[in-house]
1. Take the stretch 242-254 and flag every residue that is free of Cβ contacts under 8 Å to residues at least 12 places away in the same chain and either under 18 Å from residue 219 (Cβ atoms) or not assigned by TED's automatic domain parsing to the domain that holds residue 210 (or both).
2. Do you know which residues across the stretch 315-324 are in contact with a strand residue (DSSP E or B) (Cβ under 9 Å, 6 or more places away or on another chain), touching a residue at least 24 places away in the same chain (Cβ under 8 Å) and more than 21 Å from residue 149 (Cα to Cα)?
3. Determine whether the stretch 20-30 contains at least one residue that is closer than 22 Å to residue 203 by Cβ, assigned by TED's automatic domain parsing to the domain that holds residue 387, at pLDDT 95 or above and out of contact with any helix residue (DSSP H, G or I) (no Cβ under 9 Å at 6 or more places or on another chain).
4. How about the stretch 147-164: which of its residues are more than 19 Å from the chain's Cα centre (by Cα), surrounded by 16 or more Cβ atoms within 10 Å (Cβ to Cβ) and touching a residue at least 24 places away in the same chain (Cβ under 8 Å)?
5. State yes or no: is residue 301 farther than 15 Å from residue 96 by Cβ, surrounded by fewer than 17 Cβ atoms within 10 Å (Cβ to Cβ) and touching a strand residue (DSSP E or B) at 6+ places or on another chain (Cβ under 8 Å)?
6. I need the strands (runs of 3 or more DSSP E) fully contained in the stretch 8-112, keeping only those with at least 1 residues that are within 16 Å of residue 407 (Cβ to Cβ).
7. Quick test of your reading of the structure: residue 245 fulfils all but one of (1) within 14 Å of residue 381 (Cα to Cα); (2) buried (at least 21 other Cβ atoms within 10 Å of the Cβ); (3) under 22 Å from the mean Cα position of the chain (by Cα). Name the failing condition by number.
């Protein structure tokens, strides 16, 4: 099965993908004395851990944004790597930009609008097996409350409210065990990937094209080399596996179905540079234009938009034309004249062939598909990544890290039995 002219590498295990899950898995395997090679399509490690280092020393996240929960497994890596963090403001601090004007959340009740996080809590109380959109329609809500809730849920969960299901969201919320609170990594999430990848054999710029396998033997084939190993850990998102990596023989039917069902929602991050420094911190859910969450830190010249769901792809093109960022900046800082805003960076994760979206979203059948995706095949093929977490920590960095640890344990047990 090996092609002539392509260099052979021999290892005990090969990991496909140098994101959080792949690096966490490889690090544990290497620590146990297992020879492991990591194959990464990009020219960097981290996957969706991606940080823009600005000229003023500010770290702006282009992928994963925050640590979710005071007991998240992410903290063990952060502390070992000695990275700096700071707490983020809670939901009550968010403002809402509607028709070019910013409204603090404290004004919502006086306008007859229920805060969207309270609507979400009410939504999942009965865990109805229906779409979020249909459930919202069945509740007695004002038009403004419903519109705000739709945009909030779309941005929080990363998909159209007609696609998200109440039952899946309720299951994810019930399974959560990382505590409350959110923190940003001051040094940048990418530093976590750098730390995890230190001293590992990571081959960058080597996308895997095909995996030929039989029980206890695999060949992971790229354009430049073939890695021969006894086990492979696939950590790239299921849509990438389904459409870009060939398996010989093919994956079992339940795996193929899971890969097709585990879709990732659209996600775009756009970084704008303001003409003046932001006079105060700002966090807003924008209902104008393509919407999304927008943030600026006090004293920073950057206004960052993160748009998820079906309008993400539109956001990537429309923001480059300007206009919306100027209106959002004017609404958030009406006395500062912060515009016009200049687009500094646009990252469209949905258009990235090595990811195909932002993160896995809770829709009908996804949690069962996630369990099927996580299951090993013939003690030879193993699977990790945030999509493999089931209800527990789906679509999070801690979920990805935990899945990498789980896969490392599975591989260790399989190799020790041969």
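The values are calculated or read from the model by the stated rules, or taken from the named source; none is laboratory data. Note that the coordinates shown come from a computational prediction; the quantities given were computed from them, not determined experimentally. Ideal geometry is used to build each Cβ from the backbone, glycine not excepted, and the neighbour counts take in all protein chains shown.
1. Answer for the stretch 242-254, where residues must be free of Cβ contacts under 8 Å to residues at least 12 places away in the same chain and either under 18 Å from residue 219 (Cβ atoms) or not assigned by TED's automatic domain parsing to the domain that holds residue 210 (or both): just 250.
2. 316, 319, 320, 324
3. Taking the stretch 20-30 as the starting set, the residues that turn out to be closer than 22 Å to residue 203 by Cβ are 20-30.
Still in the list and also assigned by TED's automatic domain parsing to the domain that holds residue 387: 20-30.
Filter once more, so that each one left must be at pLDDT 95 or above: 20-30.
Subset that is out of contact with any helix residue (DSSP H, G or I) (no Cβ under 9 Å at 6 or more places or on another chain): 30.
Looking through the stretch 20-30, at least one residue is closer than 22 Å to residue 203 by Cβ, assigned by TED's automatic domain parsing to the domain that holds residue 387, at pLDDT 95 or above and out of contact with any helix residue (DSSP H, G or I) (no Cβ under 9 Å at 6 or more places or on another chain).
4. Residues of the stretch 147-164 more than 19 Å from the chain's Cα centre (by Cα): 147-150, 162.
Subset that is surrounded by 16 or more Cβ atoms within 10 Å (Cβ to Cβ): 147-150.
Selection gives 147, 148, 149.
5. Numbers: farther than 15 Å from residue 96 by Cβ: yes; surrounded by fewer than 17 Cβ atoms within 10 Å (Cβ to Cβ): no; touching a strand residue (DSSP E or B) at 6+ places or on another chain (Cβ under 8 Å): yes.
So residue 301 does not fit the description; no.
6. Details: elements: 13-16, 36-39, 51-53, 59-61, 85-87, 95-98, 101-104.
Once the strands (runs of 3 or more DSSP E) in the stretch 8-112 are filtered for at least 1 residues that are within 16 Å of residue 407 (Cβ to Cβ), what remains is 13-16, 36-39.
7. Among (1) within 14 Å of residue 381 (Cα to Cα); (2) buried (at least 21 other Cβ atoms within 10 Å of the Cβ); (3) under 22 Å from the mean Cα position of the chain (by Cα), the lone unmet condition for residue 245 is (2).
To keep it simple, each residue is scored yes or no on (1) over 18 Å from the mean Cα position of the chain (by Cα); (2) in contact (Cβ under 8 Å) with a residue 12 or more places away in the chain; (3) more than 30 Å from residue 134 (Cα to Cα); (4) part of a loop (DSSP other than H, G, I, E, B).
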site	(1), (2), (3), (4)
326	yes, yes, yes, no
329	yes, yes, yes, no
368	yes, no, no, no
393	no, yes, no, yes
398	no, yes, yes, no
